[in-house]
Amino acid sequence: MPPISEILLDRAAIRRRVEELGVQISKELSGSDLCVMPVMDGGMIFTADLVREIQLPLMVIPIKASSYGDATASSGSVSLPFGIPDGITGKDLLLVDDILDTGLTLKVLKERLLETGAASVRTCVLLRKESSRHLTADYLGFEIPDKFVVGYGLDHAGLYRNLPDIGVLTGD
């Protein structure tokens with residue numbers, strides 16, 4: 001039995017919004033030296049779909065960051081187990097992450113990437129929790145209730161990333 005108590009966003013709604021974001025990013029970042037940086041592991045599925053919708057020359061360089069571990073709440077610190085990748089100096093970066101919750105991961109990454117020589121850093125997140133409305137991303141997919149969600153790249157203890165829809169984890 002799937003670990004989902006309710007579906008918040010089905011695959012069709014996700015696909016439509018990713019297409020819209022791709023069009024918007026293509027228009028707004030035209031002419032930039034674009035490097036898309038999926039925040040691993042959660043941002044990988046969203047990024048894979050998003051880059052196919054961006055009609056610009058671009059590079060993809062993943063970055064590994066985590067503030068959750070196996071928990072359902074942020075640990076309050078950001079781990080960068082592989083450090084900052086090479087090849088970003090002078091690039092216009094688009095950090096792509098699955099969810100904007102506390103904002104800590106994107107804040108730390110943005111600061112570190114600018115310190116390392118990125119020309120600019122913009123952010124794109126698929127989801128933002130209602131309680132995080134005060135936090136901003138340059139590109140936002142959906143706003144969701146304050147529930148722990150899985151699917152479409154979002155996980156719990158490494159599981160459920162492969163679910164095609166986004167749903168509330170049973171018990172939340």
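The values are calculated or read from the model by the stated rules, or taken from the named source; none is laboratory data. This one's a predicted model, so the numbers in the text were calculated from it and none came from an experiment. Methodologically, a virtual Cβ is constructed for each residue, glycine included, from the backbone with ideal geometry; neighbour enumeration extends over all protein chains shown.
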_Being under 16 Å from Ile45 (Cα atoms) and not β-branched (Val, Ile, Thr): is that true of Leu135 here?_
no
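Residues checked against (1) more than 27 Å from Glu20 (Cα to Cα); (2) under 16 Å from the mean Cα position of the chain (by Cα); (3) surrounded by 20 or more Cβ atoms within 10 Å (Cβ to Cβ):
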{"residue": "Leu94", "(1), (2), (3)": "no, yes, yes"}
{"residue": "Asp97", "(1), (2), (3)": "no, yes, yes"}
{"residue": "Leu126", "(1), (2), (3)": "no, yes, yes"}
{"residue": "Lys147", "(1), (2), (3)": "no, no, no"}
{"residue": "Gly151", "(1), (2), (3)": "no, yes, yes"}
{"residue": "Asp165", "(1), (2), (3)": "no, yes, no"}
*In region 42-67, which residue that is touching a Pro at 6+ places or on another chain (Cβ under 9 Å) and not aliphatic (A, V, I, L, M) is surrounded by the fewest Cβ atoms within 10 Å (Cβ to Cβ)?*
Lys64
*Tally time: how many residues in region 130-170 are outside any loop (DSSP other than H, G, I, E, B), farther than 16 Å from Ser5 by Cβ and modelled with pLDDT of 95 or more?*
5
*What are the residues in region 76-119 that are touching a Leu at 6+ places or on another chain (Cβ under 9 Å) and assigned to a loop (DSSP other than H, G, I, E, B), if any?*
Gly76, Ser77, Val78, Leu80, Ile84, Ile88, Lys91, Asp101, Thr102, Gly103, Ala118, Ala119
*Pick out the one residue from Leu159, Leu114, Leu109, Leu104 that is surrounded by fewer than 19 Cβ atoms within 10 Å (Cβ to Cβ), under 27 Å from Asp33 (Cβ atoms) and among the hydrophobic types (A, V, I, L, M, F, W, C).*
Leu114
_Looking for something at pLDDT 95 or above, over 16 Å from the mean Cα position of the chain (by Cα) and closer than 20 Å to Gly87 by Cβ - is there at least one such residue anywhere in region 11-30?_
yes
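Results for (1) modelled with pLDDT under 85; (2) acidic (Asp, Glu); (3) touching a Ser or Thr at 6+ places or on another chain (Cβ under 6 Å), shown as yes or no for each residue.
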position: Lys64; (1), (2), (3): no, no, no
position: Ser67; (1), (2), (3): yes, no, yes
position: Val96; (1), (2), (3): no, no, yes
position: Leu104; (1), (2), (3): no, no, yes
position: Val108; (1), (2), (3): no, no, no
_Any pair with Cβ under 7 angstrom, 6 or more apart, that starts in region 30-42 at a residue that is of a type in the set (Gly, Ala, Ser) and ends at one that is assigned to a loop (DSSP other than H, G, I, E, B) and crowded, with 18+ Cβ neighbours inside 10 Å_ = Gly42/Gly153; Gly42/Asp155
*Which one is nearest to Glu53 (Cα to Cα), of the residues in region 26-43 that are touching a strand residue (DSSP E or B) at 6+ places or on another chain (Cβ under 6 Å) and not in a loop (DSSP other than H, G, I, E, B)?*
Val36
